[in-house]
C-alpha cells in the first residue's frame, strides 16, 4: 500500500478548508483507506503545536476539535519511533524530520506545501510533492 508523510501545513490546511486538496487527502485516508500515513513523535508535536496557535484556531472550521481530529488520524497512522536522522537535506533544518520519518517508515511520498521542502524534490526513494500532485496520484489508482 502507498505510504506518505504529510507535512504539518497539510493537516492545518485540511482543518481549515476540508474541501481543499489537503482536506480531500485526509478524507481519502479516513474514508477510503487509500493510503497509509506515516508519523513520528516530532511530526505529531509540530502538528499539535500548529493547531494550537491562536492565529490558526480562529480559522478552523466550526464544530471541529482539532486536537481530537488529529489524534484520530494518528491512531490510524503508521507510527515510527523517530530514530532516523538526516541533516542538511532541506534548506530549512526543521524540514529534515519529515524526510527522516519517510525513510524510517518506508514512505514513498512526502506531501507538503512548503517551498523549501518541495525544492528538494526527491531524496533517496522518497518523492516530495504538493497536495495537488499527491491527490492526482491517489485518484489515478
Worksheet item: On alpha-carbon atoms, Rg over Rh for the stretch 66-141 using Kirkwood Rh?
Response: 0.98
Discussion item. Angle check, please: helix 41-52 long axis (alpha carbons) against the longest principal axis of the chain (alpha carbons), in degrees 0 to 90, nearest 10.
Written reply: 30
Practice prompt. Treat the count of other C-beta atoms within 10 Å as a stand-in for reagent exposure and order 117, 6 from fewest to most.
Written response: 117, 6
Item to complete: Take every DSSP beta bridge whose two residues both sit in the stretch 3-140, then give the antiparallel share in percent to the nearest 5.
Response: 15
Discussion item. If you fit an axis through the alpha-carbon atoms of helix 21-32 and take the longest principal axis of the Cα set of the chain, what angle between them do you get, 0 to 90°, nearest 10?
Written reply: 90
Worksheet entry | In degrees, nearest ten, helix 66-76 long axis to first principal axis of the chain (Cα) | 50
Practice prompt. Let me know the Kirkwood hydrodynamic radius for the stretch 1-56, please, with Cα pairs as the basis and the value in Å to one decimal.
Written response: 11.7
Worksheet item: When only Cα pairs under 8 Å and 6 or more residues apart are kept, what is the percent relative contact order across the chain?
Response: 29
Worksheet, complete the sentence: Cβ density ranking, 10 Å radius, fewest first, applied to 3, 31 yields 31, 3
Item to complete: Arrange 58, 97 by Cβ neighbour counts within 10 Å, fewest through most, would you?
Response: 58, 97
Item to complete: For P(r) over Cα pairs in 10 Å bins from 0, in percent, several values are listed as (1) 10, 27, 18, 10, 7, 10, 10, 6, 1; (2) 12, 41, 37, 9, 1; (3) 12, 47, 35, 6, 0; flag the one computed from this structure.
Response: (3)
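Quick note: the coordinates plus some simple rules give every number you see, no bench work behind them. Quantities reported herein were computed from a predicted structural model and do not represent experimental measurements. In this analysis, Cβ positions are derived from the backbone assuming ideal geometry, glycine residues included, and neighbour counts consider all displayed protein chains.
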